Each structure stands twice: as structure tokens, then as C-alpha cells.
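> Take a look at this one; I'll ask things after.
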Amino acid sequence: MLTSRSFLNLCAAGALSLSALSLVSCDGSGIYEDLSPCETAHKITFNFDYNMSFAEGFKNNVHSVAIYGFDKQTGLLEFVLTERGDKLAQDGFALDLDGVAPGDYDIVSWCGMDNSLTGTHEENFRLSDPVVGETTRDELICRLERDIQQDGSHHFEGEMYDLFYGKVAEVKIHEPNETPGEVHTYNVPLKKNTNGVWLILQQLSGDNMEAGEFTYTITDNNGTMNADNEVDGTAPKITFHPFEVREAEAELGADEYPNISTKGFTMPVNRPQFIEPGQKKTRAQITNRCAVAHFTIPRLMTDHRSILTIYNDKQEMVCQVPLQPYALLTKYKVQDDQEFLDRQDDYRFTFFLDENKKWVSSSIIVNSWKIKVNQGGFGN
């Protein structure tokens, strides 16, 4: 006869047996293949090797990630997932898509936008208030915050944090038991959308320069980007101002100074070295105090002209040049112009001035290349 105590013991033993069976492999290799299979998992990973080093730099450069998932059928935003901080630097970091409804999605990603944990710069990019279930992909707009003055002109002052963009067009979330035990991983390759621009002014005579004697601006309408990272060429122009202006001692070898009688320059030269006070000079060189201005600006586009303008203290124009043509003269490693502008994120322009503080327009050093400027230059 089965007593109450015997029945309870039997139930407990059965429960332990079922618990043990649940540990059998999800791939059907166990002897109890009629058990419910494990659910399918989905993950999003990121990489950033779209740079001139062609080296993976995600964990050292990206401090926050955000993905926006649009339903392929309805075109509406269905989910938003974010993460930030030290987790991104861990090996194997991925965003889990747990809880996302099965379906086909188009994912857009803006990374680095949440800068609150780094404490270095203010957040200066904003998205167009995406709303789950309402916002379409075409309505997802990234816009640089700027100061709009009373005359209607747009200005940006300060240092931008690094902004990255990525997308993956085909992401399929399977039914929980559709591919039992499998992990589906989708990777988002990132491009950097911000650039550092250094302007260095030196006098041919070797006389010292005062950075405060000049004003420096860059203008372009590259502050608004859509969900495909295309820059809106109809947006208002923005005047970018340097976040840092200072003097620095710079040294170049005597043979690296431009010679006006020389017909052309195609040889790479050493980048100007800023010498700290008291630092020992290691070779024969021309040394003087130069003026340095440092900008950060959004994405450079081949079909735009980012116009650099410098005035002296008499409000006379020292120079006015478009950045893209000069930057592309130093293109290497890649053939496509836009790819070079997207991979390269740091530009240094060294201008040499005459005794009247005007640009000696026969020469300019861009990054490490001495460039001969043709008569008339590139225009604006």
C-alpha cells in the first residue's frame, strides 16, 4: 500500500530525476531527446578597425553604444538597447537581444553619444527623439548641438567627444525554439564621425608668433546626418571655433622650411615637434614659438568644402583654403577618397607666414607631407 509519506518521497525523487535530465545537452546528443530544447540566443557585437592603422580599436575608443532596431515590414522603431562604461572594454562584449520579438530588423547604431561616464566633454550630439512604435528609419536624425546667434548664424565652440556610426541591414530574431541552442551573432562595424584639426602658424624669419594675434574658423554644413550616415548638404552652415589656442615652441630642420624658388614639394618631412620648456634639442634645427589652434569637427565629405579661414590682428585674411583637397593630397593606403577621409581622423596643417603675417602660399605641410601649391590653389 502506498502511504502518504511514500508518495511524497516518490514525488521528490521524480523531481530530482527531471532536474538532472534538464542538464542534458541542447543539441540532442543526450538520450532524452524528447525534452524541450534550449532557446535560441541573439547578440550584437561591435568592431572599429575603419582607421588608418587598420587595427581593432573598439575597447580603447568607444565608451557607450546604442542600437536602434527597425522592423523590416513596418519600418517602425521596435527596440532601443544601450550600454556604457567598463563593460565595453571587456573581451567578448556583446549586447543581448533577449526580449526582442521574432522578426527581421534593420539596425542603426550611434556609439559614443552618451559621454556621461567619462567626465571629459559635454554631450554635443542629439538624436531626433526616437519613439518606439512611432519613429521611422528616415526620421532618425543625428544633429550636432550648436549656438544659434541673433543674426541666425550657427556656431560651435568646444571639444567634441568621439562619435561613431554603424549599421547592419539584415538581423533576424528567430522563434525561441526555432534553432535550439544556437547563438546568432551580428556584428556592427563602426566608422568615426569626428576629426581633430590642428593649425600651426610659423614665420619664415624664425620670429616668434603670438597665437592671440589671429582668429581661426572652419565653416561647413556637416552637422546633420541621417540613418545612413549621409550628411545633409541643405542644413545650415556652422562656424567652428578652436577649443584650444596657444603658443608652442616648434622645431623643423632647416631643409624642411619652404624655399620659394623650389618648384615643387613631394617629399615627406618630419612633423613639427613641440618642445617642452627645458627640453634638450637633439639636432641642428630652426626653433621658434609658433601659434597653434586645435579644432574638432564632424565628418569630412568629398562633396563638401570645409573652409578654413585665418585673419591676423589687423583683420586681414592670412589664408582661406578648403580642407578636403589638401587632406586628400596626402592620401595613402587606400584608393577611395571618402574612405580615406573616414579612416583618417587627425589632420595637421602647417602654414608658413612672411614678414607681413601672410601665408606664403607656395607651400604647406599637411600631416607629414610638404605640399607645393599651384598658382591659384584649389579655390573655395
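The values are calculated or read from the model by the stated rules, or taken from the named source; none is laboratory data. Only a predicted model underlies this, so the values are computations on that prediction, with no experimental measurement involved. No Cβ is skipped: glycine too gets one built from the backbone with ideal geometry, and neighbour counts run over all protein chains shown. For the accessible areas, the whole protein counts, side chains as well, though only heavy atoms, and no ligand, DNA or RNA atoms are used. Shrake-Rupley method; radii C 1.70, N 1.55, O 1.52, S 1.80 Å.
> Based on this model, can you work out whether TYR216 counts as surrounded by 13 or more Cβ atoms within 10 Å (Cβ to Cβ), under 21 Å from ALA66 (Cβ atoms) and among the aromatic types (Phe, Trp, Tyr)? Outline the logic, then answer.
Values: surrounded by 13 or more Cβ atoms within 10 Å (Cβ to Cβ): yes; under 21 Å from ALA66 (Cβ atoms): no; among the aromatic types (Phe, Trp, Tyr): yes.
So TYR216 does not fit the description; no.
> Now for a different question. Looking for something of a type in the set (A, V, I, L, M, F, W, C), crowded, with 22+ Cβ neighbours inside 10 Å and assigned to a strand (DSSP E or B) - is there at least one such residue anywhere in the stretch 312-332?
yes
> Only one of these conditions is not met by ASP151: (1) under 22 Å from GLY233 (Cα atoms); (2) more than 21 Å from the chain's Cα centre (by Cα); (3) outside any loop (DSSP other than H, G, I, E, B). Which number is it?
Evaluating ASP151 over (1) under 22 Å from GLY233 (Cα atoms); (2) more than 21 Å from the chain's Cα centre (by Cα); (3) outside any loop (DSSP other than H, G, I, E, B) leaves (3) as the failure.
For (1) more than 19 Å from ASN193 (Cβ to Cβ); (2) in contact with a Leu (Cβ under 6 Å, 6 or more places away or on another chain), each residue gets a yes or a no:
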position: PHE70; (1), (2): yes, yes
position: LEU97; (1), (2): yes, no
position: TRP110; (1), (2): no, no
position: ASN124; (1), (2): no, no
position: LEU127; (1), (2): no, no
position: GLN150; (1), (2): yes, no
position: LYS167; (1), (2): no, no
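> Here is a further query. Which of (1) modelled with pLDDT of 95 or more; (2) more than 25 Å from GLU213 (Cβ to Cβ); (3) out of contact with any helix residue (DSSP H, G or I) (no Cβ under 6 Å at 6 or more places or on another chain); (4) aliphatic (A, V, I, L, M) does ILE310 not meet, given it meets every other one?
Exception for ILE310: condition (2).
> If you take the residues of the stretch 333-377 that are more than 30 Å from ASN208 (Cβ to Cβ) and modelled with pLDDT under 95, which of them is least open to solvent (accessible area, probe 1.4 Å)?
Of the residues in the stretch 333-377, the ones more than 30 Å from ASN208 (Cβ to Cβ) are 333-345, 374-376.
Retained after the next criterion (residues that are modelled with pLDDT under 95): 333-335, 374-376.
Working: LYS333: 133, VAL334: 12, GLN335: 160, ASN374: 113, GLN375: 183, GLY376: 68 Å².
This residue is VAL334.
> Kindly establish whether LYS167 is closer than 28 Å to GLY85 by Cα and surrounded by fewer than 17 Cβ atoms within 10 Å (Cβ to Cβ).
Considered against the rule, which asks whether it is closer than 28 Å to GLY85 by Cα and surrounded by fewer than 17 Cβ atoms within 10 Å (Cβ to Cβ), LYS167 comes out as no.
> May I ask you to verify whether ASN177 is on the phi < 0 side of the Ramachandran plot and touching a residue at least 60 places away in the same chain (Cβ under 8 Å)?
In short, yes.
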